[in-house]
Amino acid sequence: MRLPPLKSLQVFLCAAQHQSFKAAAEQLHVTQAAVSQQIRLLEDYFDGQLFDRDKNQTKLNSKGKTLFPFIEKAFEQINLGISALTKESNSKELKITALHSVTSLLLIPNISDFQQKNVDLSVQFSPNNKLDSFQEQNIDVAIRRGLGDYAGLESRRLTDDAIILVASPLLLGSKDFHPNNIFSLPLLEDISSDIQAAIADCCAKFNINKKDLKVTLKTTDALPIIQNTLAGQGIAFVSKVLVEQYLRTGQLINIFNYVYDDPRTLFLVAPPHHFKWNKVQRLELWLKQLFSGSH
């Protein structure tokens, strides 16, 4: 017997429980159009509508009401089976892997706030610029900067980001912010592809030949670049989210108020079932509050 797609059944269950395609989309982290498409696939399979739809409400019709309890019970059994194999391990210990820059600049300076609100959890960091193996390293969750496309893993966007051009007042002093003056200063260059795109964009905007820039450091690690920029060793193109605290305190200045929009940003990354764990859910909530400035 040919079964309908499991994904469509999952979407149906969520929409039926909420009596709303919009609420289902929010819970499943997809668009409302994607929910509608999956429901249509299921309705094509059963050769008839499962929901009555109008502008103000979506509700199960008689056919949908017949199907609903069977699908609900089936997914309960699936979840029980998954839980039997993927129970939350070490529920009092939270192991986070993150980029060196994120660990040093964002997590360590702020983690005391998380620990005060979650006194039952012991937090461990595993700084790594590569995505650790979750099973082999017993990692609970990762924080990565990118596009969120990690095969076999779920990614949840934490904040928006951009690339900006910064320097310390220690370096700038009373210099005239003319492009020729600024770009004659040493450049601490991150050779990551998104930073390189920002450098090319900025040089074009201010009619600067990139070959004339005085590069004194090259790396793909944002941490030493930001540390050296804070020390007044040069100008740098950096992720805005990594240096916002230094912009607020005046330790760094956004030169020209230059902003390069970048689709890359910070994501919370883990196997999908890890997001069902209470400790990971608490971390996700805290991180979103941290980046919204409401922690």
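Only the coordinates and a few stated rules stand behind these numbers; no lab work does. The shown structure was predicted, so the numbers you read here are calculated from the model rather than taken from an experiment. Here the Cβ positions follow ideal geometry from the backbone for every residue, glycine too, while neighbour counts run over all protein chains shown.
Couple of notes before you dig in:
- Under 16 Å of direct C-alpha separation, and excluding same-chain neighbours fewer than eight residues apart, Lys55 reaches these lysines: Lys22.
- Per-peptide packing, taken as the mean over residues of other Cβ atoms within 10 Å, places 216-222, 286-292, 245-251 in the sequence 286-292, 216-222, 245-251 from highest down.
- Simple spin-label estimate for Leu217 and His178 in nanometres, 7 Å along Cα-Cβ: 2.8
- DSSP beta bridges in the chain [antiparallel fraction, %, rounded to 5]: 55
- Packing around the peptides 171-180, 269-278, 235-244, taken as the average count of other Cβ atoms within 10 Å per residue, puts them in this order, highest first: 235-244, 269-278, 171-180.
- Label assignment, mean projected area of the Cα convex hull in nm² derived from the structure, set (i) 20.0; (ii) 15.3; (iii) 20.9: (i)
- Only Lys, Arg (+1) and Asp, Glu (-1) charged, at Cβ; the chain dipole about Cα centre in debye: 300
- Peptide packing for 64-71, 226-233, 160-167 was compared via the average number of neighbouring C-beta atoms within 10 Å per residue; ordered from the highest value, the list is 160-167, 226-233, 64-71.
- Placing +1 on each Lys and Arg Cβ and -1 on each Asp and Glu Cβ, with no other charges, gives the range 6-85 a dipole about its Cα centre of roughly 120 debye.
- A cut-off of 5 Å between modelled amide H atoms, ignoring neighbours fewer than 5 places along the same chain, links Lys95 with Gln124, Asp140, Val141.
- For the range 165-181, 3J(HN,Hα) per residue [Karplus equation, 6.51 cos²θ - 1.76 cosθ + 1.60, θ = phi - 60°, Hz, x = Gly/Pro]: 9, 10, 7, 8, x, 4, 8, 6, x, 9, 4, 5, 7, 8, x, 5, 5
- Signed unit charges on C-beta, dipole axis of the range 142-270, positive-most listed residue Val215, Leu165, Phe267: Val215
- Rounded to 5, percent antiparallel among DSSP beta bridges of the range 1-142: 25
- Measuring between their Cα centroids, the range 21-42 and the range 202-275 lie 37 Å from each other.
- Computed label-point distance, nm, for sites His29 and His100 using a 7 Å Cα→Cβ extension: 2.8
- Axis angle, to the nearest 10 degrees, between helix 108-117 and the longest C-alpha principal axis of the chain: 40 degrees.
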